[in-house]
1. If residue 44 passes every condition in (1) part of a helix (DSSP H, G or I); (2) of a type outside the set (Lys, Arg); (3) farther than 17 Å from residue 186 by Cβ but one, which one does it miss?
2. Being touching a Cys at 6+ places or on another chain (Cβ under 7 Å) and within 16 Å of the ligand (Cβ to nearest atom) is true for just one of 135, 177. Which residue is that?
3. In the stretch 280-314, what count of residues is obtained for those that are surrounded by fewer than 16 Cβ atoms within 10 Å (Cβ to Cβ), under 27 Å from the mean Cα position of the chain (by Cα) and over 30 Å from residue 251 (Cβ atoms)?
4. From the list 77, 118, exactly one residue is surrounded by fewer than 16 Cβ atoms within 10 Å (Cβ to Cβ) and over 21 Å from residue 200 (Cβ atoms). Which is it?
5. Given the criterion in contact (Cβ under 8 Å) with a residue 60 or more places away in the chain, within 12 Å of the ligand (Cβ to nearest atom) and of a type in the set (Phe, Trp, Tyr), identify the matching residue among 88, 147.
6. Consider residue 148 carefully, then state whether it is surrounded by 19 or more Cβ atoms within 10 Å (Cβ to Cβ), part of a loop (DSSP other than H, G, I, E, B) and of a type in the set (Ser, Thr, Tyr).
7. In this structure, does residue 112 turn out to be polar (S, T, N, Q), out of contact with any His (no Cβ under 7 Å at 6 or more places or on another chain) and surrounded by 22 or more Cβ atoms within 10 Å (Cβ to Cβ)?
8. Could you give every pair whose Cβ atoms fall below 6 Å, whose first residue belongs to the stretch 301-319 and is at positive phi, and whose second residue is buried (at least 17 other Cβ atoms within 10 Å of the Cβ) and at pLDDT 95 or above, counting only separations of at least 6 or pairs across chains?
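The values are calculated or read from the model by the stated rules, or taken from the named source; none is laboratory data. Since the model is a prediction, treat every value here as computed from it, not as a measurement. Glycine also receives a Cβ, built like all others from the backbone with ideal geometry; neighbour counts cover every protein chain displayed.
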Amino acid sequence: MVIDLRSDTVTLPTSGMREAMMNARLGDDVFGEDPEVNALEKECAELLGMEAAVFCPSGTMTNQIGIRILTQPYDEVICYKGAHIYRYEGGGIAGNSLASVRLLEGNRGRLTADEIAVNINNAQDPHQPITSLVALENTVVREAGSYYRLEEIAVISSFARSKGLKMHLDGARLFHALTETGDAAGDYGNYFDTISICLSKGLGAPVGSVLLCSKALEPKARRMRKALGGGMRQAGFLAAAGRYALKHHIKRLKEDHQRARILGDTLGKASWVQSIMPVDTNIVIFTLNDSVSPQQFLQKLAEFDIKALAFGPQQIRMVTHLDFDDAKLERTVQVVKKMIL
Ligand SMILES: Cc1ncc(COP(=O)(O)O)c(C=O)c1O
């Protein structure tokens, strides 16, 4: 039994999901004729309280399209310094949007209106790029899945809009945040111009992300998707997996959070762990003592068929997901308890 905790992207489709995929009704989605894709887009738009949705191959693509259609070249995007859109999307903001980025400290990755306020450039000064977009991430992957409450987002959004700024959400793990806050997904549409959600992180679909936007922005989003090579043809197989994931795999996310907390409690007591971030959702990040390198640790874990991820100097990440059940949790806990480094 291999236990893979590197990411919640490693899940394989369940038998129910495979059946839904095999029964998918298909058409050419670039012609707008794939019934499953059309149904998925409609359901997502309704779910998030937005007018339109565009199915894409990845969360990187939905983020990059969102940023591209909300900015002009030479603009500046405000985001957390560890944001996925900046750290982990291959320099996409520079390449796709020709925009610069203003990196904020945040509180465990969460920005506030006050912090944003002092980082908006003077649009009359030609030295400074024009601040045009605030991009939030919820949950924040670099900060062990910390999350915003909707009321915090409402304050940021109303401030940003009062300054003429647009709002983008990287909601790769938005449903993990909603699991903790109890906020309504449908209210999110009020506060953002574009929202990216991922079906393949935690929700268990093999591939797929959806960009939510207004009817007015939708043609631009579809044009950018095409330009980036993201127009897929009989994508209904994937959309069917996504629809299944939304229907069956949101409610169970609380199990992932519970298992992550147990894992975090166990790791927090290990002699070789120097510190651990609070475990808010399904991501556990801890720092090893200086005496043990991440490579040594990962090698030792591998001897027990457990995989984790090096996530910065001395840091290790473990993420719980659909394929990490109680038996795997129990085994991982036993290994951690007995491990001497
Ligand atoms: C917060 C966040 N945003 C975006 C992405 C990008 O998703 P993808 O891997 O589908 O491009 C990820 C990937 O793990 C992520 O964690």
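1. (3)
2. 135
3. Residues flagged as surrounded by fewer than 16 Cβ atoms within 10 Å (Cβ to Cβ), under 27 Å from the mean Cα position of the chain (by Cα) and over 30 Å from residue 251 (Cβ atoms) within the stretch 280-314 amount to 4.
4. Exactly one of 77, 118 is surrounded by fewer than 16 Cβ atoms within 10 Å (Cβ to Cβ) and over 21 Å from residue 200 (Cβ atoms), namely 118.
5. Numbers: 88 fails: in contact (Cβ under 8 Å) with a residue 60 or more places away in the chain.
Exactly one of 88, 147 is in contact (Cβ under 8 Å) with a residue 60 or more places away in the chain, within 12 Å of the ligand (Cβ to nearest atom) and of a type in the set (Phe, Trp, Tyr), namely 147.
6. yes
7. So residue 112 does not fit the description; no.
8. 314/287; 314/288
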